[in-house]
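The values are calculated or read from the model by the stated rules, or taken from the named source; none is laboratory data. Bear in mind the structure is a predicted one, so any value in this text is a computation, not a measurement. Every residue, glycine as well, gets a Cβ built from its backbone with ideal geometry; the counts of neighbours run over all protein chains shown. The accessibility values were calculated without ligands, DNA or RNA, using every heavy atom of the protein model including side chains. Shrake-Rupley method; radii C 1.70, N 1.55, O 1.52, S 1.80 Å.
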Protein chains: 2
Amino acid sequence: MESLFLLVLGNTEISTVPGISVAGATPELTKLTPIADAEYLFHEKPLTVDVIPVTPEGYPTPAIITKAARELAGFPILVVRGGTYLAPLVPHVHVSNAVGRDFRRGPALPEFGDIIKRAKLLGEELGRLPVKELVIGESTPGGTTTAQAVLWALGYEARTSSASSENPQALKERVITEAFNRLGIAKGDLKDNPLEALRQFGDPMMATLIGLSLGFRGSVVLAGGTQMLAVSALLKALGEDLGRFMVATTKWVVNDPSATFLETAKGIGVITYSADLDFSGSEFPGLRAYEEGYVKEGVGAGGATWLAVKAGYSPEEVSRKVDELYERLMEMKGA
Amino acid sequence: MESLFLLVLGNTEISTVPGISVAGATPELTKLTPIADAEYLFHEKPLTVDVIPVTPEGYPTPAIITKAARELAGFPILVVRGGTYLAPLVPHVHVSNAVGRDFRRGPALPEFGDIIKRAKLLGEELGRLPVKELVIGESTPGGTTTAQAVLWALGYEARTSSASSENPQALKERVITEAFNRLGIAKGDLKDNPLEALRQFGDPMMATLIGLSLGFRGSVVLAGGTQMLAVSALLKALGEDLGRFMVATTKWVVNDPSATFLETAKGIGVITYSADLDFSGSEFPGLRAYEEGYVKEGVGAGGATWLAVKAGYSPEEVSRKVDELYERLMEMKGA
């Protein structure tokens, strides 16, 4: 296959603000979600923890979609540690161990320069391979809040999506406003200074994506929802032609009435793809919850589905494979 | 290019036995040689230390050959941390941070299983890319001693080469004999138990190479001298068909009268390539020293030259490019 799927892992302290992230069963487990997601892609279950990441309600990580798509289409996966608390116990490209700081108290990512530089080197090397397309997903609890902060700093009236069915928009906005007050800036004040927006409000996943995108000169599919819009906006502000980029997500993000995915994408000028997955027929409540607005996206689920579709599989086949994988997990749990 | 160059980094405590390794100016710097080699491939000079690795006499690391070949042929490079004291400050695939222990006191590599498993996963992923050939080099100070120990355990009457012009064979044999006495074994006693030979006497580079070779099912060029014969011997003992493997090294290893490269390769049944580099015309004594038996090989120098030759460059052109790079280094030193 001439496409390579990268999974970039990031952590930000913002995920520990109560109510911000539901990307794990508890706040402590949420910190481990990126590495557990990565490990699950390569094994029957994660290694660092014994169970796959779930929301506090028990709804499963979108890594299950990515794993299903990969089992069908067989695309290569390379895990990249953009910046996490721990290293995953699977082979991964180490870019940094910097975790994004709480942007209410100070700059989120003083290490942005080193991360970009290293990720760019990696992107350049991948560009020497006979690979035409990078599909880059992410796992970054709290990342929709850092994304919204970056989009606001760059002047977009965006509301980002959330893994919760009740998007904590009021909380997100309060947290971001607090950070803007710290700096004495208003929406759009950093529109000509994207690297400062990244340094003040970003996370290591974003910096890694920027570096990869600058280093690799072929097609790049930014596989994610509103977080990838923040990456697109940063790339545009850095002067990149967005013609070689696409944001691939799921219908659950596109249809999220609490977010502004399509409008913001249009404002940025990046094309989008929406994976038409449907879990409404699943026998498992944990999967049917996706149809009620839980989880929605992550671990490049939409982009992985894009690769499966390009390889000749239908979104229905991906959905059925997800059911199969979920059943396997349930059996292991019961065993 | 359909070939991918991997540089696997390893450390073993054996390098700290006085007189065993000359892969660094001092014993402490020798520990950093693998990461400095990796950093030099991507930058004008290493990042962790300010100068390229040299022997105590000041003769430069073979990374200069690998870098020269890559500047000509442009092949992609992926650094793999098989197991080192520190992480290199360039993007690299993390497999482990296990350093091989002094095999006179106990098993060298209790972690061999995890390393093989992880490296195998990486090899499998690389096998999903449109890559036909892996060329795998290494940087492992002290690695010719672990190699000789493994070859002896597997029953080969081998003498491995050395970066020194005076191969410390007597010292190597004393050290290995001490370890064999610890276990109460003789040459060949582990010929049916290659994993035990690896665990008792190996290093993390070897384990990583084994895993990569088992996971990737295409052609594999083992880019190194007598150390890669140890890897070949392990693979053979594990039941791998060596038909898809080749050991690519330099003429300095092949012509080393203190080692048994060609005889041992023949005994194992693996084909070899020898890069016909010639530094005798260099204006720099540091490079002419290669012709006197210093350094000889490392950092996949022979395999990198193989890639340059396949891309249409002559060994003379690689030699000239090495001269250029060395001149740049001298200018930086002078500046």
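From the square roots a ≥ b ≥ c of the eigenvalues of the alpha-carbon gyration tensor of segment B:1-104, which class results: rounded (a/c under 1.5), prolate (a/b over b/c), or oblate? Don't skip to the answer; put the middle values down first.
On the way: a/c = 2.01, a/b = 1.36, b/c = 1.48.
Note, shape of segment B:1-104 comes out oblate.
Would you kindly derive the ³J(HN,Hα) couplings of segment A:210-221 from the backbone phi angles with the Karplus curve 6.51 cos²θ - 1.76 cosθ + 1.60 (θ = phi - 60°), listing them in order in whole Hz, with x for Gly and Pro?
So the Karplus estimates, Gly and Pro as x, are 4, x, 4, 5, 6, x, 8, 9, x, 6, 10, 9 Hz.
Name the residues whose placed amide hydrogens come within less than 5 Å of the amide hydrogen of B:VAL93, ignoring near sequence neighbours (fewer than 5 apart) on the same chain.
Counting only residues 5 or more places away or on other chains, the set is A:HIS94, B:VAL79, B:VAL80, B:ARG81.
What relative contact order, as a whole-number percentage, does segment B:1-151 give when Cα pairs under 8 Å and 6 or more residues apart are counted? The partial results should precede the final answer.
Values: 263 pairs, mean separation 58.4, N = 151.
Relative contact order for segment B:1-151 comes out at 39 percent.
What is the sum of charges, Lys and Arg at +1 and Asp and Glu at -1, for the other residues whose Cβ falls under 9 Å from the Cβ of B:PHE103?
Details: positive: B:ARG101, B:ARG104, B:ARG105, B:ARG182; negative: B:GLU13, B:ASP102, B:GLU178.
Once positives and negatives cancel, what remains is +1.
Please report, for B:GLY239, the nm distances (one decimal) from its label point, 7 Å out from Cα along the beta-carbon direction, to the equivalent points in the remaining copies, shortest first.
5.8
Which ³J(HN,Hα) values, rounded to whole Hz and listed in residue order, are derived for segment A:55-63 from phi using the Karplus coefficients 6.51, -1.76 and 1.60 in 6.51 cos²θ - 1.76 cosθ + 1.60 with θ = phi - 60°, glycine and proline given as x?
Using θ = phi - 60°, the values come out as 6, x, 7, x, 7, x, 3, x, 3 Hz.
Averaged over peptide B:119-132, how many Cβ atoms belonging to another chain are found within 10 Å of each residue's Cβ?
Partner-chain Cβ atoms within 10 Å, mean over residues of B:119-132: 5.
Once amide H atoms are placed 1.01 Å from N in the peptide plane, what residues at a sequence separation of 5 or more from A:SER274, or on another chain, have their amide H within under 5 Å of its amide H?
A:THR249
Could you pull the Rg and Dmax for the protein assembly as shown, using just the Cα atoms, both in Å?
26.0, 76
Determine the total buried accessible area between chain A and chain B, counting protein heavy atoms only with a 1.4 Å probe; round to the nearest 100 Å².
Roughly 2300 Å².
Tell me what chain B gives for mean residue ellipticity at 222 nm when only DSSP H runs of n ≥ 4 count, each as -39,500 (n - 2.57), the sum divided by the residue total, rounded to 500 deg cm²/dmol.
On the way: 13 runs with 148 residues, N = 335.
Rounded to the nearest 500, the figure is -13500 deg cm²/dmol.
Pick out, in residue order, every one of the trypsin sites (Lys or Arg not before Pro) in segment A:64-144 that is DSSP loop and has at most 15 other C-beta atoms within 10 Å; say none if there are none.
Details: sites: A:LYS67, A:ARG70, A:ARG81, A:ARG101, A:ARG104, A:ARG105, A:LYS117, A:ARG118, A:LYS120, A:ARG128, A:LYS132; in loops: A:ARG101, A:ARG104, A:ARG105, A:LYS132.
Those satisfying the criteria are A:ARG105, A:LYS132.
What longest range of chain B stays clear of loop-exposed GluC sites (Glu not before Pro) (DSSP non-H/G/I/E/B, at most 16 other C-beta within 10 angstrom)? Could the numbers behind the result be given before it?
Numbers: sites that count: B:GLU2, B:GLU44, B:GLU57, B:GLU157, B:GLU166, B:GLU240, B:GLU283.
My reading of the result: B:58-156 is the longest stretch.
What is chain B's relative contact order, in percent, from Cα pairs under 8 angstrom and six or more apart in sequence? Don't skip to the answer; put the middle values down first.
Numbers: 769 pairs, mean separation 80.5, N = 335.
Relative contact order for chain B comes out at 24 percent.
Report the rotationally averaged projected area of segment B:246-301 based on its alpha-carbon convex hull, in square nanometres. Could you put the intermediate results ahead of the total?
Working: hull surface 15.7 nm².
Averaging across all directions leaves 3.9 nm² for the Cα convex hull.
If DNA, RNA and ligands are ignored and the probe is 1.4 Å, what is the ranking of B:HIS94, B:HIS43, A:HIS92 by accessible area, most exposed first? Don't skip to the answer; put the middle values down first.
Values: B:HIS94 30, B:HIS43 50, A:HIS92 0 Å².
Greatest to least solvent exposure: B:HIS43, B:HIS94, A:HIS92.
Using the Cα centre of segment B:256-305 as the reference point, and only Cβ charges (+1 on K/R, -1 on D/E), how large is the resulting charge dipole? Debye, rounded to the nearest 20.
Values: 3 positive and 8 negative charges, 37 e Å.
With only Lys, Arg, Asp and Glu charged at Cβ, the dipole is about 180 debye.
From the label point of A:LYS266, set 7 Å from Cα along Cα→Cβ, how far away are the matching label points in the other copies, in nm, ordered shortest to longest?
Label-point separations across copies, in nm and ascending: 7.6.
Net charge around B:LEU190, counting only other residues with Cβ within less than 12 Å of its Cβ (Lys, Arg = +1; Asp, Glu = -1)? All intermediate terms of the calculation are to be shown ahead of the outcome.
Numbers: positive: B:LYS187, B:LYS191, B:ARG199; negative: B:ASP189, B:ASP192, B:GLU196.
Computed value for this residue: 0.
Against the empirical 2.2 N^0.38 Å scaling, what ratio does the C-alpha Rg of segment A:275-335 come to? All intermediate terms of the calculation are to be shown ahead of the outcome.
Values: Rg = 12.0 Å, N = 61, 2.2 N^0.38 = 10.5 Å.
With N residues counted in segment A:275-335, Rg over 2.2 N^0.38 Å equals 1.14.
On average, how much accessible surface per residue is there in segment B:1-49, in Å², for a 1.4 Å probe, leaving out ligands, DNA and RNA? Intermediate results must be reported in sequence, preceding the final value.
Details: 1520 Å² over 49 residues.
I get 31 Å² per residue for segment B:1-49.
Note down the magnitude of the dipole of segment A:72-175 about its Cα centre, charges +1 on Lys and Arg C-beta and -1 on Asp and Glu C-beta and zero elsewhere, to the nearest 20 debye.
Dipole about the Cα centre, nearest 20: 180 debye.
With a 1.4 Å probe and every protein chain kept in, tell me what percent of the accessible surface of chain A is carbon plus sulfur. Each step should come with its number before you reach the end.
Details: 5680 of 11260 Å².
With neighbouring chains kept in place, the figure for chain A is 50 percent.
For segment A:161-209, with every protein chain kept in place, what is the accessible area per residue (1.4 Å probe, Å²)? Walk me through the numbers before you get to the answer.
Working: 1960 Å² over 49 residues.
Normalised by residue count, the accessible surface of segment A:161-209 is 40 Å².
Students often forget the sequence filter, so: which lysines lie under 28 Å Cα-Cα from B:LYS191 once same-chain residues fewer than 8 apart are removed?
Counting by Cα, and skipping residues close in sequence, B:LYS191 has these lysines nearby: B:LYS117, B:LYS120, B:LYS172, B:LYS236, B:LYS266.
Loop-only chymotrypsin sites (Phe, Trp or Tyr not before Pro) in segment B:80-150, please: DSSP not H, G, I, E or B, and at most 14 other Cβ atoms within 10 Å.
Values: sites: B:TYR85, B:PHE103, B:PHE112; in loops: B:TYR85, B:PHE103.
When the chymotrypsin sites (Phe, Trp or Tyr not before Pro) of segment B:80-150 are filtered for loop state and at most 14 Cβ neighbours within 10 Å, B:TYR85 remain.
I'd like the projected area of segment B:216-261, averaged over all directions, using the convex hull of its alpha carbons. Report it in nm² with one decimal. The partial results should precede the final answer.
Values: hull surface 13.4 nm².
Mean projected area of the Cα convex hull: 3.3 nm².
Pick out, in residue order, every one of the trypsin sites (Lys or Arg not before Pro) in segment A:173-204 that is DSSP loop and has at most 14 other C-beta atoms within 10 Å; say none if there are none. Don't skip to the end; give the middle numbers.
On the way: sites: A:ARG174, A:ARG182, A:LYS187, A:LYS191, A:ARG199; in loops: A:LYS187, A:LYS191.
Sparse-neighbourhood loop trypsin sites (Lys or Arg not before Pro): A:LYS191.
Cut-off under 25 Å on the C-alpha distance; same-chain residues fewer than 8 positions from B:LYS321 excluded. Which lysines are left, in chain and number order?
Filter leaves B:LYS45, B:LYS67, B:LYS251, B:LYS296, B:LYS310, B:LYS333.
Taking the 0 to 90 degree range and rounding to the nearest ten, how far is the long axis of helix B:315-334 tilted relative to the main principal axis of chain B, both from C-alpha atoms?
70 degrees
Relative to the longest principal Cα axis of chain A, at what angle does helix A:226-237 sit, 0 to 90 degrees, rounded to 10?
40 degrees
For B:ASN97, go 7 angstrom from Cα along the Cα-to-Cβ vector, then report the distances to that same point in the other copies in nm, smallest first.
Values, ascending and in nm: 0.4.
Write down Rg/Rh for segment B:94-209, rounded to two decimals, with Rg from the C-alpha atoms and Rh from the Kirkwood relation over Cα pairs. Mind dumping the intermediate values first?
Numbers: Rg = 15.1 Å, Rh = 15.0 Å.
Here Rg/Rh amounts to 1.01.
In segment A:1-48, what residues drop by 20 Å² or more in accessible surface going from the chain by itself to the full protein assembly, probe 1.4 Å?
Going by heavy-atom accessible area, the residues of segment A:1-48 that drop by at least 20 Å² are A:MET1, A:PHE42, A:HIS43.
Evaluate the Debye formula for segment A:206-335 with equal point scatterers sitting on the alpha carbons, no solvent, and hand back log10 of I(q)/I(0) at q = 0.17, 0.19, 0.23 Å⁻¹, in q order, two decimals.
Listed by q, the Debye log ratios stand at -0.90, -1.04, -1.32.
If all Cα-Cα distances of chain A are sorted into 10 Å bins from 0 onward, what percent lands in each bin, rounded to whole numbers?
6, 30, 39, 21, 4, 0
Amide H of A:GLU138 versus every other amide H placed in the peptide plane: which residues, excluding those fewer than 5 positions away on the same chain, fall under 5 Å?
So A:GLU138 has HN proximity to A:VAL8, A:VAL299, A:GLY300.
What list of ³J(HN,Hα) values in whole Hz, one per residue of segment A:252-261 in order, does the Karplus curve 6.51 cos²θ - 1.76 cosθ + 1.60 (θ = phi - 60°) give from phi, with Gly and Pro shown as x?
The phi angles translate into 5, 6, 4, 8, 5, x, 7, 10, 10, 3 Hz.
Over segment B:87-217, calculate the relative contact order: mean separation of alpha carbon pairs under 8 Å at least 6 apart, over the residue count, as a percent. It would help to have the intermediate numbers written out before the result.
On the way: 162 pairs, mean separation 62.6, N = 131.
Once normalised by length, the contact order is 48 percent.
No solvent, one uniform scatterer per C-alpha: report log10 I(q)/I(0) for segment A:182-241 via the Debye equation at q = 0.18, 0.19 1/Å, two decimals.
Listed by q, the Debye log ratios stand at -0.63, -0.69.
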